[in-house]
Structures are given as C-alpha cells and as structure tokens.
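Written below as structure tokens is the structure these notes are about.
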Amino acid sequence: ILGEHLRICPQGYTCCTSEMEENFANKSRSEFEAMMKEAGRSVQATLTAQHRSFDSYFQDLLNKSEKALYDAFPSMYGELYTQNAKVFKDLYGELRRYYRSSNINLEEALNEFWTRLLERLFKLLNPQYHITDEYLDCMVKHAEQHKPFGEVPRDLKVKATRAFIAARSYAQGFLVGSDVVRKVSQVSLSHECTRAIMKLMYCPHCRGMSSVKPCNNYCLNVVKGCLANQADLSTEWKYLMDSLIGVADRIDGPYNVDTVIGTIHMRIAEAISNLQENKDSITSKVFQGCGNPKISTKGSSSEDKRRRGKVTLEAKSSAQALEMLVLDAKGNLTALKTYWITLPSSLCSKKVMASSASDDKCWNGMTKGSYLPEVMGDGLANQINNPEVEVDITKPDMTIRQQIMQLKIMTNRLGNANIGNDVDFQDTSDDMSGSGSGDSCPDDVCGKRLSKSPSTRQPETHAIPKQSGHGVNGASSRSLPSASLLLLLSVAVIAAQHLWR
C-alpha cells in the first residue's frame, strides 16, 4: 500500500499500517532499552563479583586474626586477657565498622584501644596499689614518652591505617562503579532517539526487507546519537578504573593487607610482652612523673607471677590468594576501561546485527544500498551534525551528569587512598549490614571518643550516595545548608517584608 500514513519510516510503498508502525516503534524502544540494561548487567556483575571476592578475602583475614587472638591469649596471659576481653573485641568491632564505611576516625580508634589496654594492664600488673582514674589520666599523658608497648602502637597505626584506607576505598570503588552503570543503564530514550531506533531496526520490515541488515555506519550514528550522554562518562570512568588498579597494586604491595591485617593479633601480643618485660622500668617512670599511689588494702594478686616468656603466634599467609585476586581484578578493570565508548560498536555488532562496514546492500535508513554519511565522534558535543538523530547538545542528561560527579568523587577518594590519606564517607544511616562477623556495639561504647590523645589529622569528607543492595553504605546527602538554599530563604524573607508593607 502507499505509505503516506507513515510517520517514521520512508513514505514509499509499504506493508505496514499506522498501527503496525506504532507497535514496531514501541517494540524497538523496549528492545533497545533491554539491550542497554543487559550490557550494563554484564559490567555490574563483573564489578560486583570483584567486590564480593575482595570483601570475602578481607573479612576472612580479619576474622582469622580475631579468632587467633581469642584462642591463644587466655593461655598466654590468663587474667590479663580474660579481664580485658572486651577491649580486644571492641577493637575488632571498630575495625569492621571502619571498613564498612562508618564515619569513624581509625587513628583515634587505635589510640583509644592502646590507652584502654594500658589503663587495664597497668592496674592488673600493679595490684598492690590503689590506682584511681585521676592517676591513670596522669599515666596516659606520660605514655607517649615512656612507650610502654614499645614501637608497636606507632608502627601498627601507620601500617594498619594505610591498609584499611586502601581496602575500604578499593571495595567501595567497585560498588560505586556498579551503581553508576545500573543508574545510567536505566536512563530512558528520548522521543527523537525512539524514532531513530525504530527506523534502524524495523523500517526494513515495512519495506518488505526483513532479511536486510542495517548498515554498520548507519547503526553507529544512530546509537552514538542515542548514547551521546553515556559516552561522556568515558573519561571519568577510565580514571576510576585506573585508580582502582593503582590501589590494587598498593594492596598487594606497600600496603599489603595480608601482612598487616592478618597479623594484628601478633602485634598486640608483641606489645603486651613489651609491657610485661619492662614493667618495673615503666612503673618507676610513671611513679616519678605522677607520684606514688597509695598501697591497696586488698593485697597483691598472684597474677604477676605468671610466666612472661614470649609465645610465638603463627599467621597463615594468604599472599598467593591476594596476588590472584589482584591479578584477576586488574585484568577485568583494564577490559572495562573503554566500555562507554565501545558500547555503540558492541550493540551494533552483537545486538542489532548490523552488516559489515563495506556492505553496499544493507539498510541505510531509506532503502537497500550503501551508507555514505561519516560516522560521528563520541559524546554529546560531537552530535551537533548527526544525520540520524536530532540531539540537543545544550541539554545534557542530568542523571548522567550526577553519575559523572560520583565517579569524580570516588576517583578522588581512591587517589587519596593511594598515598595513604583518608577521605571519610559521611555515614548517616543506621544500616550497618554487610558480610563478616562484626557485631554492632552500643553507642555508649562505640560512640565514645578519646579526648586524652586526639588524632592529629581529621579525615577529609566527601558525600557518596547510599549504595543500594550491597550492604555497604555510602554517604548521606545531609550536609550544611547550601548557598542556593540560603539565597532562597533570603528571597522569602524579602517577599514577606514586601507583603507586610
């Protein structure tokens, strides 16, 4: 029949009614959006699998270290451990909370652990004295000078903070990347794009050419026009992949998590041994600085007579597993670098099944023949002369612009982690679920912050949106009032004054 009624396809002779054309348009739209989501799910699956593998490995390291401490310390230290078990449990709880992106200061948490442990052990090692809280405050002030635990606290703080910063940024990077792909893959097609996709995929059917494939360059122009905003993700996406690879090298290199996290219990045992061996010297120095405490009426305990010989703790290395994890991750991240700019070619060749570039008997949008227009570049700015899709280059998609910003924020955080600097997420959610065995603790325990030896450096803070479906929370959007909000309030006040007059 004559095709004067067609609104999208060429108006020559056709076998499509208006209703058929409309059905084909809806069908092509849903099919193309499904292609986008399917391609995105593949990338999401890769990133989520990498996160799951590393998260499981890291949590296992922490769990094994904690279990080794619980298994060995009772026989090694007796009451020195049993009366202070909560101090150790709280430390591992804080480490897990930090890894899961709680807004806590890791250096401060470690400082608090050593301070609490010193207070408890000093009293247990000197049971013949009545030691008050005020006296302990004085002792803590001199602790840095006397180094009761040797160099262990300082050394562990440096190494553990770097390892934890790198580990949690690395794990979060995979989730942010996956979430960006998920959100971008759900962006709906514009009206102009729907028409172009219909013309590409189903107009040949209306001309009785259902077996004729679209010309490859024609398909590329259509898809590049439709995915112009998505292609603008490419630069920041590549930066994110490179940053993840950089942190992966640190995790398996200078900040080796296997060496640091897997031996925390051993470093604590070393610190306690240092305190026991130098007990008399340290006690004498404390008495000189804080005075002699009163003799206790309860009498001395026999605890100090326990053996003080060093017990060798073993740490089973999983360095090979870490090396394989990092190698696998780097391979996948490298392959994903060009995802957004190769997506049009991938969709055309694998999904739309376009013909080869040299085919002169392909569907060119009007008939069977060759396709002459040049292929447009990538990104929104390059679509100004796209012959197939009308693209308004002055109106970028805001959802995609927001995701570009999320990529920038995460890349900045990874860059800081790469040099050992912390950038905390503002975590205002109570949802602290996630893998691992870390139990939450009451606010009156976990929420306390030590004022005796505050951290010298507060972490930078960036807002990261909550990652849905992963059990790891990003940042909340809650912050100080923005400039635009303050301006809006000022306008409201002025308007109210005008109405009053």
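The values are calculated or read from the model by the stated rules, or taken from the named source; none is laboratory data. As the structure is a computational prediction, the values presented were derived from the model and not from experiment. No Cβ is skipped: glycine too gets one built from the backbone with ideal geometry, and neighbour counts run over all protein chains shown. Remember, those area values only see protein heavy atoms, side chains included, never the ligands or the DNA or RNA. Shrake-Rupley method; radii C 1.70, N 1.55, O 1.52, S 1.80 Å.
Annotations
- Rounded, prolate or oblate (a/c below 1.5 giving rounded, otherwise prolate when a/b exceeds b/c) for segment 322-399 by Cα gyration tensor: oblate
- Note on exposure: Asp359, Asp249 ranked by accessible area (1.4 Å probe, complete protein assembly) read Asp249, Asp359, with the most exposed listed first.
- Put simply, the amide H of His130, placed in the peptide plane, has neighbours under 5 Å in Lys294, Ile295, Ser296, leaving out anything fewer than 5 places away on its chain.
- Theoretical gain in end-to-end length, Asn26 to Asp133 [0.36 nm per residue, Cα-Cα removed]: 31.0 nm
- Per-residue SASA remark: Val391, around 40 Å² accessible (1.4 Å probe; ligands, DNA and RNA not included).
- Efficiency of FRET from Cβ geometry, Ser42 and Cys15, R₀ 41 Å, rounded to 0.05: 0.70
- Per-residue ³J(HN,Hα) for segment 144-153, Karplus 6.51 cos²θ - 1.76 cosθ + 1.60, θ = phi - 60°, Hz, x for Gly and Pro: 4, 6, 8, 6, x, 9, x, 8, 4, x
- Cα convex hull volume per residue for segment 1-64 (Å³): 78 Å³
- Shown are Ile409, Ile400, whose ranking by accessible area with a 1.4 Å probe and every protein chain present, most to least, is Ile409, Ile400.
- Scalar couplings 3J(HN,Hα) for segment 329-336, obtained by applying the Karplus form with A = 6.51, B = -1.76, C = 1.60 to θ = phi - 60°, are 5, 4, x, 5, 5, 5, 5, 8 Hz; x denotes Gly and Pro.
- Order of exposure, largest accessible area first, which applies to Thr161, Thr82 with probe 1.4 Å: Thr82, Thr161
- Carbon + sulfur, % of accessible area of segment 1-92 - ligands and nucleic acids excluded, 1.4 Å: 52 percent
- Area accessible to solvent at Leu2, 1.4 Å probe radius, in Å²: 100 Å²
- Relative packing of 228-234, 108-114, which averages over residues the other C-beta atoms within 10 Å, highest first: 228-234, 108-114
- Per-residue 3J(HN,Hα) values for segment 248-257, derived from phi via the Karplus relation 6.51 cos²θ - 1.76 cosθ + 1.60 with θ = phi - 60°, read 4, 5, 5, 4, 9, x, x, 9, 3, 5 Hz in sequence order (x marks Gly and Pro).
- Segment 372-425-segment 39-65 distance, computed between alpha-carbon centres (Å): 26 Å
- A prolate overall shape is assigned to segment 154-252, the ratio a/c of its alpha-carbon gyration tensor axes (a ≥ b ≥ c) being 1.5 or greater and a/b exceeding b/c.
- Cross-link pairs exceeding 28 Å between alpha carbons, from the set Lys183/Lys368; Lys183/Lys395; Lys238/Lys368; Lys224/Lys337: Lys183/Lys368; Lys238/Lys368.
- Proximal charge balance of Glu19 [Cβ under 14 Å; K/R count +1, D/E count -1]: 0
- Sum of side-chain charges, Lys351 neighbourhood, beta-carbon under 15 Å (Lys, Arg +1; Asp, Glu -1): +4
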